[in-house]
Amino acid sequence: MAIRELAAYGLPVRSNKQYTTVDNSKQPSMEISVAMCTYNGADYLSDQIESILEQSNRPSEIVVRDDGSTDGTMAILKDYAQDYPELFDVKQNEENQGIVKNFEKAIQACSGDYIALSDQDDVWNPMKIKHQASALQRSNAILACHNSSVVTKTLEPVGDLWSEVSPSYKPQTQPNPTKIVRELAQRNFVQGATIMFDARWTDHLLPLPEGWPHDHYLAVHAALRGGLIPIDEELIRYRQHDEQEVGVTNKNIVEQFQDNLKSGYEQSRIKRWQQVYEFVRSCEDSELGPEKSWLEKFLKKKVRYEQRRSEALCGESLITGISAIYCNLTTGSYSQFDYGIRTAANDITMVFLKPIIDL
């Protein structure tokens, strides 16, 4: 979409690719929607909902889409909907949609100016909505995210999310779009439940494609347009427990390798970044945050890195696998797109162990 078309849709336009600071005192009060997805979350759901109701800026609506729960989740949701009929929009899918498509349905049903995504088992800081909405209002950004306090199922703190998944990442006061794209190509530091985005961009971010975690997809596409703001605050308590669908994994490298092979994970990574590369090629330079020529070169290298990793980890030939790993090492791709020598060592180990691992 050309830049004149963005303006015609009432969308933010970045003529100089820099964030435009605005006078927040002149901004109207924004309506906030919460898009929540649930599935067999009865154990912790009330904690999650109460923390949303206790926000200093209460949302205008809480849109919940349940994906066919068989426990007490729907009973809890119906109780809240009865107590707050003006606030809750609760529906249950007739068939299980999966987490990505369920979030897509919840987002599509939202009517607010900003949309905040919510899981079913966390606890929000009372200032979460206010801080994120203020960050979006002060800037020309598409999406704001933040750090999380990682906690046990009883809410005992064990660390913070960004230190767990991206130890090298340091948020900046003035976000650099190029650095953010580089970081997201290495690893996803954006947790779904920390996302709030400008609803004017909904039609451009949906549909959520298969093969992408929804949070990573939204973060990458906001960052490509120079519109992602990371907030260096732990604004939710991110609960870890055995029943959650997505979380910080405790599996060893062999277990992760087995899961990845069975799910086709390595091949899906190639497809993801090929899609991003093709998207960037279709854009005008004025629509992007980083320079288009740099993005094309960077993403082409990222796709080739993922192709070589797939050759190493999924191929049948030991020689081909070692050759692919060697190429990624000598081109610096392991450091640029992953955890450096640690990932390379893991890949070498898996190439040699693959013939004896029970898949």
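The values are calculated or read from the model by the stated rules, or taken from the named source; none is laboratory data. Keep in mind the model is a prediction, meaning the values are calculated, not measured. Please note: Cβ atoms are built from the backbone with ideal geometry, for glycine as well, and neighbour counts cover all protein chains shown.
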Condition broken by P59, with the remaining ones in (1) surrounded by fewer than 17 Cβ atoms within 10 Å (Cβ to Cβ); (2) in a loop (DSSP other than H, G, I, E, B) satisfied: (1)
Residue that is under 21 Å from H214 (Cβ atoms) and of a type in the set (S, T, Y), where the choices are S111, S56: S111
Some residue of the stretch 101-123 being surrounded by fewer than 22 Cβ atoms within 10 Å (Cβ to Cβ), modelled with pLDDT of 95 or more, assigned by TED's automatic domain parsing to the domain that holds P207 and in a strand (DSSP E or B): yes
Flag if T73 is among the polar types (S, T, N, Q), free of Cβ contacts under 8 Å to residues at least 60 places away in the same chain, in contact with a helix residue (DSSP H, G or I) (Cβ under 6 Å, 6 or more places away or on another chain) and assigned by TED's automatic domain parsing to the domain that holds P126: yes
Which listed residue, of F352, F279, is at pLDDT below 95, touching a helix residue (DSSP H, G or I) at 6+ places or on another chain (Cβ under 8 Å) and surrounded by fewer than 20 Cβ atoms within 10 Å (Cβ to Cβ): F352
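Every residue, every condition in (1) touching a Pro at 6+ places or on another chain (Cβ under 7 Å); (2) outside the structural domain of Q108 (by TED's automatic domain parsing); (3) in a helix (DSSP H, G or I); (4) without any contact (Cβ under 8 Å) to a residue 60 or more places away in the chain, yes or no:
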{"position": "V181", "(1), (2), (3), (4)": "yes, no, yes, no"}
{"position": "T202", "(1), (2), (3), (4)": "no, no, yes, no"}
{"position": "L208", "(1), (2), (3), (4)": "no, no, no, no"}
{"position": "W212", "(1), (2), (3), (4)": "no, no, no, no"}
{"position": "L218", "(1), (2), (3), (4)": "no, no, yes, no"}
{"position": "G226", "(1), (2), (3), (4)": "yes, no, no, no"}
{"position": "P230", "(1), (2), (3), (4)": "yes, no, no, no"}
{"position": "E234", "(1), (2), (3), (4)": "no, no, no, no"}
Criterion: within 16 Å of A219 (Cβ to Cβ), among the polar types (S, T, N, Q) and out of contact with any Leu (no Cβ under 8 Å at 6 or more places or on another chain) - qualifying residue of T178, T154, T70: T178
Positions within the stretch 312-342 being surrounded by fewer than 19 Cβ atoms within 10 Å (Cβ to Cβ), of a type outside the set (G, A, S) and within 29 Å of T178 (Cα to Cα), in sequence order: Y326, C327, L329, T330, T331, Q336, Y339, I341, R342
